Amino acid sequence: MTHSITAFKNSPLVMPEADPPPAEEGCYGEAITGCVNMSDKRNILSYNPRLKLLARNLRNNSTLSEIILWYHLKNKQIKGYDFHRQKPIGEYIVDFFCKELMFAIEIDGYTHDSEEKIIKDLKRQKELESYGVHIVRFLDSDIKNNIGGVIQCIEEWIDEFEKRNDL
């Protein structure tokens, strides 16, 4: 069964409504132990250093959908924002991540259809959101069959984020 982007975009796994805490309130992910900090002026994200090699392997063995979306995200092609592939955050690796926006993009294939996987994805998403990360999910089939619509959804999310945060 194929979902339309609009229907999937409005699912509970997609966009959190809450704004991230202001940067001056402190760091994200401080409670994670044994992690490496990546810092800039806005925030600090921690990650488990054991995930670095796994992330590299995932980048070197991308799915077709990841390759298609990466073609449109790389080199700051979307509104000048810098995205990274297979980015470790906390104890997880997100498919694509823009640190400036604290914005992760996840691609869900057929392996995300089971109830068990949906529950795991929700738990994972809640933890990532606790670090201030916003997550948008797309179906693998949408990337392959409607990349223009996917890019439009990403651009609309960025426009809304910029508007809410006076960027």
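Restricting attention to the stretch 119-134, which residues are β-branched (Val, Ile, Thr) and surrounded by 21 or more Cβ atoms within 10 Å (Cβ to Cβ)? Please lay out each step first, then the result.
So in the stretch 119-134, the residues β-branched (Val, Ile, Thr) come out as 119, 133.
Listed by number, the list holds a single entry, Val133.
Name the residue that is nearest to Gln152 (Cα to Cα), counting only residues in the stretch 94-128 that are assigned to a strand (DSSP E or B) and of a type in the set (D, E, K, R). Step through it out loud before you land on a result.
Pass one, the stretch 94-128, residues assigned to a strand (DSSP E or B): 94-98, 103-108.
Narrowing further to those that are of a type in the set (D, E, K, R): 95, 106, 108.
Working: Asp95: 18, Glu106: 16, Asp108: 18 Å.
Only one residue tops the list, namely Glu106.
Taking strands (runs of 3 or more DSSP E) that fall entirely within the stretch 1-93, which contain at least 2 residues that are at pLDDT 95 or above?
On the way: elements: 36-39, 44-47, 84-89.
Answer list for the stretch 1-93: 84-89.
Per-residue answers, yes or no, for (1) out of contact with any strand residue (DSSP E or B) (no Cβ under 9 Å at 6 or more places or on another chain); (2) within 16 Å of Ile67 (Cβ to Cβ); (3) at pLDDT 95 or above:
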{"position": "Lys120", "(1), (2), (3)": "yes, no, no"}
{"position": "Arg124", "(1), (2), (3)": "no, no, no"}
{"position": "Tyr131", "(1), (2), (3)": "no, no, no"}
{"position": "Ile135", "(1), (2), (3)": "no, no, yes"}
{"position": "Ile143", "(1), (2), (3)": "no, yes, yes"}
{"position": "Gly148", "(1), (2), (3)": "yes, no, yes"}
{"position": "Ile151", "(1), (2), (3)": "yes, yes, yes"}
{"position": "Glu155", "(1), (2), (3)": "yes, no, yes"}
{"position": "Ile158", "(1), (2), (3)": "no, no, yes"}
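Quick one: in the stretch 131-167, of everything that is of a type in the set (Gly, Ala, Ser) and in a helix (DSSP H, G or I), which residue is nearest to Gly109 (Cα to Cα)? Step through it out loud before you land on a result.
Within the stretch 131-167, the first condition is being of a type in the set (Gly, Ala, Ser), and the residues that meet it are 132, 141, 148-149.
Next, only the ones that are in a helix (DSSP H, G or I) stay: 141, 148-149.
On the way: Ser141: 8, Gly148: 18, Gly149: 17 Å.
Applying the filter and picking the extreme gives Ser141.
Filter the stretch 64-95 for residues that are over 20 Å from Asn165 (Cβ atoms) and aromatic (Phe, Trp, Tyr) and give the result.
Result: Trp70, Tyr71, Tyr92.
Against the condition within 10 Å of the chain's Cα centre (by Cα), surrounded by 12 or more Cβ atoms within 10 Å (Cβ to Cβ) and within 20 Å of Lys144 (Cβ to Cβ), how does Phe103 come out, does it pass?
Details: within 10 Å of the chain's Cα centre (by Cα): yes; surrounded by 12 or more Cβ atoms within 10 Å (Cβ to Cβ): yes; within 20 Å of Lys144 (Cβ to Cβ): no.
In short, no.
Identify the single condition in (1) surrounded by fewer than 20 Cβ atoms within 10 Å (Cβ to Cβ); (2) more than 26 Å from Arg164 (Cα to Cα); (3) aliphatic (A, V, I, L, M) that Ile44 does not satisfy, given that it satisfies every other one.
Here Ile44 meets the rest and fails (2).
Among the residues of the stretch 67-105, which ones are out of contact with any helix residue (DSSP H, G or I) (no Cβ under 8 Å at 6 or more places or on another chain) and not aliphatic (A, V, I, L, M)?
Residues satisfying the conditions are Trp70, Tyr71, Lys74, Asn75, Lys76, Gln77, Gly80, His84, Phe97, Cys98, Lys99, Glu100.
The values are calculated or read from the model by the stated rules, or taken from the named source; none is laboratory data. In this text the structure is predicted, and so the values were computed from the model without any measurement. Positions of Cβ are generated from backbone atoms using ideal geometry, with glycine treated the same way; all protein chains shown enter the neighbour counts.
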